[in-house]
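Taken together, the values in this text are just the output of simple stated rules run on the coordinates, not laboratory data. For clarity, every value in this text was computed on a predicted model and none was experimentally measured. Cβ atoms come from the backbone with ideal geometry, glycine included; neighbour counts cover every protein chain shown.
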Amino acid sequence: MKGEHHYTLTTTWTGNRGSGTSNYQAYDRSYLVSGDHEKQLLGSADPAFRGDATRYNPEEMLLASLSSCHMLWYLHLCAVAGVVVVDYRDEAKGQMEETADGGGQFTEVVLQPVVTVTDESMVGKAEELHRKANELCFIARSVNFPVKHKPTCVVQVKG
């Protein structure tokens, strides 16, 4: 699966309250993200920046991209290695720092996946494969801050 891949989506601002960006308080930060075949994703700014807390903000979507990319690589590596994963849940956390000029950047993301495997003999390999998944994750390789991992591996209770 080598080669060049191209991705396209449309982001449409939906927050014009009638006077556009006539002043900082005059407009809503709401937008839609859509693709050719996917359902629309409702987005806004972080509430700290006058956004709607009921919509995903760009910072959360960056966390989601890192978390889901890691998970997909990890599941692939487990399948190839014979590690049977039956449950996976990640509580990703990110830290962003604002700068004096009004901008900012992420300084770190910590992925905290809890992985359930079917047998105790798989735990060591399951834990080891997180490092390889991080090395291969397209999104983690594309960011300029550390993406750390604090995984937990548990064995499925039989019964």
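You can think of it this way: the chain between Val84 and Glu98 has 0.9 nm of extra reach, that is 0.36 nm per residue less the Cα-Cα gap. Counting neighbouring Cβ atoms within 10 Å and putting the fewest first, the residues Thr8, Thr118 line up as Thr8, Thr118.
Where does segment 10-49 land on the Kirkwood hydrodynamic radius, alpha-carbon pairs, in angstrom?
One over the average 1/r among Cα pairs gives 11.1 Å for segment 10-49.
Compared with the dominant principal axis of the Cα atoms in the chain, helix 123-136 is inclined by about 40°.
Please identify every one of the chymotrypsin sites (Phe, Trp or Tyr not before Pro) in segment 79-159 that sits in a loop by DSSP and has no more than 16 other beta carbons within 10 Å of its own beta carbon. Can you show the working numbers first?
Values: sites: Tyr88, Phe106, Phe138; in loops: Phe138.
Filter output for segment 79-159: Phe138.
Suppose R0 equals 41 Å. What FRET efficiency, 1/(1 + (r/R0)^6) with r the Cβ-Cβ distance, do Asn23 and Met61 give to the nearest 0.05?
So the FRET efficiency works out to roughly 0.90.
Just tell me the longest site-free run in the chain, where the sites are trypsin sites (Lys or Arg not before Pro) in a DSSP loop having at most 14 other beta-carbon atoms within 10 Å. Value returned for the longest uninterrupted segment is 51-157. For the residue pairs Lys39/Lys93; Lys2/Lys132; Lys125/Lys158; Lys2/Lys150; Lys93/Lys132, the C-alpha atoms sit more than 27 angstrom apart in Lys2/Lys150. The radius of gyration of the Cα set in segment 1-136, together with its Dmax, comes out at 19.3, 63 angstrom.
I need to check one value: relative contact order of the chain, counting alpha carbon pairs closer than 8 Å and at least 6 residues apart, in percent.
Numbers: 259 pairs, mean separation 26.0, N = 159.
That works out to 16 percent.
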